[in-house]
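Undergrad: Below you'll find the structure I mean.
Here, each number is a calculation from the coordinates, and none is a lab measurement. Predicted model only: the values in this text are computed from it and were never measured. Cβ coordinates were reconstructed from backbone atoms using ideal geometry, including for glycine residues, and neighbour counts include every protein chain displayed.
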Amino acid sequence: MFKFNLTVSALAAFSLGVFFSQAALAGSGVGADPGDGVGITRSDNGSLLNVTDPLRDGNLQFSLFGADGDTLFAADWNGNGTASFGVAREDNGALLWILDEAGDGNLTYTLFGSAGDRPVVGNFDTTSPGVEIGFVRGYPSAGQLEWIVQDGASFRREFFGSDADVPVPGNWDGDANNGDEFGLVRIDGDAKLWITEGSGGLDFDLFGGASDEAIAGDWDGDGNTDFAVRLAGGDGNVLALEGLVALEYVQIGAPTDSIVNSSSVGQ
């Protein structure tokens, strides 16, 4: 069954914005949890300088993790309720994952994927807490997008979307007990079309402009994944977050900064 939710956001021409994690960063339960934080990363003498605002209250945290060229993620890797950093790095034709799973500086190293694959993370294994790694691989000649994600001791693969789509995994069906679902974003005219695996089939939502950068996170703390975009144009770095009642605008960093990814690889 297909469900259409045409919630087109009339977003003003601000600028770019960023997002942080997909983990319980503070509080406990709906209403107490402020939702995911926001964050940016930028090059700093060969390393990645990461600036995060976990509570979206302007109290910034600064850290170094990763190197130039890495794709940075922040996620609750081991299910302890706290987000920590990890990176995906192209290494001799492979995709090397370096994770600080417990946030204590003890790093794990895993080869999963190939150079050119697009790394993603999400709660793909419902039998264990925490977030797993994965990647999507495009097949331009066939116009297909293949997802390959960790699932228990093995991995799961599925074709979903087309090569030009942006993958955005998340808790799209509103049921945290069955893990994260696949989702994607594509340009539809002047808007961003979100196609996600909902509880009754595929959901179709319009959110953001064609030139905006699509990102996702749990912005209202209810356990479900929400839309957001980094707004194109302007001189600042502004993120428009979907809230329970109205849009929330958050400013952090500069337009040249990159997003700290979790459930999205951006576009």
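Undergrad: When only Cα pairs under 8 Å and 6 or more residues apart are kept, what is the percent relative contact order across the chain?
TA: 24 percent
Undergrad: Let me ask you something else. Could you list the residues of the range 194-212 with an amide nitrogen less than 17 Å from a label point located 7 Å from the Cα of residue 178 in the Cα-to-C-beta direction?
TA: Counting backbone N atoms under 17 Å from the label point, the list is 196-204.
Undergrad: What is the extension gain from residue 61 to residue 47, computed as 0.36 nm multiplied by their sequence separation minus the C-alpha to C-alpha distance, in nm to one decimal?
TA: Full extension of this stretch gives 3.4 nm more.
Undergrad: How would the range 100-236 be classified by its alpha-carbon gyration tensor: rounded, prolate or oblate, with rounded meaning a/c under 1.5 and the a/b versus b/c comparison settling the rest?
TA: rounded
Undergrad: For residue 190 and residue 82, what is the calculated FRET efficiency with R₀ set at 30 Å and r taken between the beta-carbons, to the nearest 0.05?
TA: 0.15
Undergrad: Let me ask something else. Considering amide H positions built from the backbone, and no H for Pro or chain starts, which residues 5 or more places from residue 67, or on another chain, come under 5 Å of its amide H?
TA: When sequence neighbours closer than 5 places are left aside, the close amide H contacts are 48.
Undergrad: Counting other beta carbons within 10 Å of each Cβ, put 196, 256 in order, fewest first.
TA: Going from least to most buried by this count: 256, 196.
Undergrad: Still on this model: Modelling each spin label as a point 7 Å along the Cα-to-Cβ direction, I'd like the residue 158/residue 126 distance in nm, to one decimal.
TA: It works out to 1.0 nm between the two label points.
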